[in-house]
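Heads up, the thing below is written out as structure tokens.
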Amino acid sequence: MVEFTLWDIVRNLLLALRWTVALSAIAFIGGGLVGGLLLTLRIGLGVRTRRVIALYVQLFQGTPLLMQLFLAYFGLALLGIEVSAWTAAALALTFYTSAYLVEIWRGCVEAVPRGQWEAARSLALSFGEQLRHVILPQAGRLAIAPTVGFLVQVIKGTALASVIGFVELTKAGSMISNASFKPFLVFGCVALLYFALCFPVSLFAQHLEGKVHGRPT
């Protein structure tokens, strides 16, 4: 049996942490791009498009992320599309993230007073100009805090990618635990690393929310 020191455990977990960070970044950025596109379509197009997007949101919000990961990895393989665990995890988390971000941002857009829309129309601005110059700057200010706060959920959600074999922090912890027979020590370190990632993001989100609402931070 290979003897694992605390430094060996931490060093290997830190190597795996890079993949957790990378997967979180891809899911968050990709989800933001997809969510932004869906938001624009939901605001600007007709009732049918809004219903389709609402169905998309309900589908990804109403089903477990674990099931979405299984479908992305094993379901695509059944259709003859071979994807790596990395690709499947990135796709599933991107769509999952987009479904939540589009709802967060829709709520922020709807929080902008209707008078702002009417004022923008009275200036003979096109729909795109109304969004770009009047609505989105105000909605964006409201959206920053909850968007940053949701990043914590994305980071924690990457742990589920371990079930399809993607070696991120949780999967690495499981492998090291099996090899070292020190589960309490290993998963204690895993928990601390997740906390080190998520806690500063949570504090930053609270700071931004305080600034938006004029509270001291």
When every residue in the stretch 180-217 that is among the polar types (S, T, N, Q) and open to solvent by 30 Å² or more (accessible area, probe 1.4 Å) is compared, the one modelled with the lowest pLDDT is THR217
State whether one or more residues within the stretch 135-143 are open to solvent by 60 Å² or more (accessible area, probe 1.4 Å), more than 21 Å from HIS207 (Cβ to Cβ), part of a helix (DSSP H, G or I) and not aliphatic (A, V, I, L, M). no
Filter result for VAL148 (in a helix (DSSP H, G or I), more than 24 Å from PHE70 (Cβ to Cβ) and either at pLDDT 90 or above or open to solvent by 20 Å² or more (accessible area, probe 1.4 Å) (or both)): yes
What residue, among those in the stretch 1-28 that are within 20 Å of LEU169 (Cα to Cα), out of contact with any Asp or Glu (no Cβ under 8 Å at 6 or more places or on another chain) and β-branched (Val, Ile, Thr), is surrounded by the fewest Cβ atoms within 10 Å (Cβ to Cβ)? THR5
Out of all the residues in the stretch 1-34, which are small (Gly, Ala, Ser) and farther than 21 Å from PRO146 by Cβ? ALA16, ALA22
Report every pair of residues separated by at least 6 positions or lying on different chains whose Cβ atoms are under 8 Å apart, first residue within the stretch 187-199 and within 19 Å of GLY149 (Cα to Cα), second among the β-branched types (Val, Ile, Thr) and open to solvent by 40 Å² or more (accessible area, probe 1.4 Å). LEU197/VAL21
Suppose we keep only residues that are surrounded by 13 or more Cβ atoms within 10 Å (Cβ to Cβ) and among the basic types (Lys, Arg) within the stretch 29-84. Which one would you say is farthest from the chain's Cα centre (by Cα)? ARG50
Quick check on my filter: what residues within the stretch 93-152 are of a type in the set (S, T, N, Q), closer than 24 Å to GLY210 by Cβ and without any contact (Cβ under 8 Å) to a residue 12 or more places away in the chain? none
Meets criteria (part of a helix (DSSP H, G or I) and modelled with pLDDT under 95) for ALA16: yes
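Is it true that SER162 is touching a Ser or Thr at 6+ places or on another chain (Cβ under 8 Å), surrounded by fewer than 20 Cβ atoms within 10 Å (Cβ to Cβ) and either touching a residue at least 12 places away in the same chain (Cβ under 8 Å) or farther than 26 Å from TRP7 by Cα (or both)?
Working: touching a Ser or Thr at 6+ places or on another chain (Cβ under 8 Å): yes; surrounded by fewer than 20 Cβ atoms within 10 Å (Cβ to Cβ): no; either touching a residue at least 12 places away in the same chain (Cβ under 8 Å) or farther than 26 Å from TRP7 by Cα (or both): yes.
No.
The values are calculated or read from the model by the stated rules, or taken from the named source; none is laboratory data. Fair warning: this is a prediction, and the values are worked out from it, not measured in the lab. Don't worry about glycine lacking a Cβ; one is built from the backbone with ideal geometry, like all the others, and counts go over all protein chains shown. Note: areas computed on protein heavy atoms with side chains; ligands, DNA, RNA excluded. Shrake-Rupley method; radii C 1.70, N 1.55, O 1.52, S 1.80 Å.
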